Amino acid sequence: MSSQHDNCPCMETCPLNRALTLIGGKWKMQILCSLHNNGPTRYNQLKRSLDGVSNTVLSAALRELEADGLVARQEYLEVPVRVEYAATPRSQRLIPILDALGAWSMEP
């Protein structure tokens, strides 16, 4: 039986490989979970919730997640400028999948 995952995970065109590229990395899933759990969050508050992440890594991950449509960045024209990050509907649809993956990892 053939599937869209033939020759996985080596194939560059594999949908699973694409998914793992979108959420892979040391901090991306933690960022998504934090935004899901806490709602719209300012940068420094998000950084505090992720123990040990550097500014460089957090900024890069947020830019990538925003470019991939998983995080929305909202800038408020206040003095000083306030920026909040929020989970998008696309990333909200990912949460049940991550929950199921976590449950699967705990099975014997």
Unique match (being closer than 16 Å to Ala19 by Cβ and not β-branched (Val, Ile, Thr)) among Arg42, Arg63, Arg48, Arg90: Arg90
Failed condition for Ala19, given (1) open to solvent by 50 Å² or more (accessible area, probe 1.4 Å); (2) modelled with pLDDT under 90; (3) within 16 Å of the chain's Cα centre (by Cα): (1)
Selected residue [assigned to a loop (DSSP other than H, G, I, E, B) and modelled with pLDDT of 95 or more] from Gly69, Gly25, Gly52: Gly69
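Listed here are the residues, each with its yes/no results for (1) part of a helix (DSSP H, G or I); (2) in contact with a helix residue (DSSP H, G or I) (Cβ under 6 Å, 6 or more places away or on another chain); (3) open to solvent by 30 Å² or more (accessible area, probe 1.4 Å).
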{"residue": "His36", "(1), (2), (3)": "yes, yes, yes"}
{"residue": "Gln45", "(1), (2), (3)": "yes, no, yes"}
{"residue": "Val57", "(1), (2), (3)": "yes, no, yes"}
{"residue": "Glu75", "(1), (2), (3)": "no, no, yes"}
Residues of region 75-99 that turn out to be farther than 16 Å from Ser34 by Cβ and either over 16 Å from the mean Cα position of the chain (by Cα) or among the aromatic types (Phe, Trp, Tyr) (or both), as a count: 8
In region 77-108, the residues that are touching a residue at least 12 places away in the same chain (Cβ under 8 Å) and either open to solvent by 40 Å² or more (accessible area, probe 1.4 Å) or not in a loop (DSSP other than H, G, I, E, B) (or both): Arg82, Val83, Glu84, Tyr85, Ala86, Ala87, Arg90, Ser91, Gln92, Leu94, Ile95, Leu98
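The values are calculated or read from the model by the stated rules, or taken from the named source; none is laboratory data. Worth saying up front: this structure is predicted, and the values here are computed from it rather than measured. Cβ atoms come from the backbone with ideal geometry, glycine included; neighbour counts cover every protein chain shown. Side chains included, ligands, DNA and RNA excluded: accessible areas come from the protein's heavy atoms. Shrake-Rupley method; radii C 1.70, N 1.55, O 1.52, S 1.80 Å.
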